[in-house]
1. Quick one: longest stretch of the chain between exposed loop trypsin sites (Lys or Arg not before Pro), exposed meaning at most 16 other C-beta atoms within 10 Å and loop per DSSP?
2. With a sphere of radius 10 Å drawn around the Cβ of residue 29, what net charge do the other residues whose Cβ falls strictly inside it have (Lys, Arg +1; Asp, Glu -1)?
3. Can you return the aspartates and glutamates within cross-link range of residue 66? Criterion is Cα-Cα under 17 Å, with same-chain partners fewer than 8 residues away left out.
4. So if each residue of separation counts as 0.36 nm, and I subtract the Cα-Cα distance between residue 69 and residue 21, what length gain in nm does that give?
5. Return the single residue from 45, 21, 57 with maximal mean-square fluctuation; model: Gaussian network over the chain, springs between Cα atoms under 10 Å.
6. Compute the relative contact order of the chain as a whole-number percentage, counting only Cα pairs closer than 8 Å that sit 6 or more residues apart in sequence.
7. Amide H neighbours of residue 2 under 5 Å, at least 5 residues apart or on other chains, H built in the peptide plane: list them.
8. Given R₀ = 25 Å, what would the calculated FRET efficiency be for residue 9 paired with residue 51, taking r from the Cβ atoms and rounding to 0.05?
Amino acid sequence: MDEMETLDYQGWQFLCSGEQLPSGLFQAVVRYKAPPSDQVRTLVLDPAKHEVAKQALEHAKELAMKWAQERSGDGRGDA
């Protein structure tokens with residue numbers, strides 16, 4: 001079963017998940033709501049595989065925060 005959480009971080013709204021692959025392992029996936037329409041876009045499909053969904057979900061949240069930190073002060077008015 002997949003695990004999913006919403007993460008609000010530095011003005012971004014991420015949808016983080018640990019999604020089950022056909023192999024039975026789980027992949028960390030990061031999506032975000034793109035302003036102004038809140039259209040959901042995929043940012044990261046991490047190539048690392050995890051044994052359980054919760055591990056993949058936690059990794060997805062780390063990837064989302066890293067992505068946001070790399071883009072702070074990018075002219076969006078958030079930094």
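None of the figures in this text is laboratory data; all of them are computed from the coordinates on show. Here the structure is a predicted model, which means the values were calculated and not measured. FYI the Cβ positions are ideal-geometry reconstructions off the backbone, even for glycines, and counts take in every protein chain you see.
1. On the way: sites that count: 71, 76.
Value returned for the longest uninterrupted segment is 1-70.
2. -2
3. 5, 8, 46, 58, 74, 78
4. 14.4 nm
5. With Cα springs under 10 Å in the chain, the top fluctuation among 45, 21, 57 is at 21.
6. Numbers: 155 pairs, mean separation 23.1, N = 79.
After rounding, I find 29 percent.
7. HN-HN under 5 Å from residue 2: 20.
8. Efficiency, from the Cβ-Cβ distance: 0.45.
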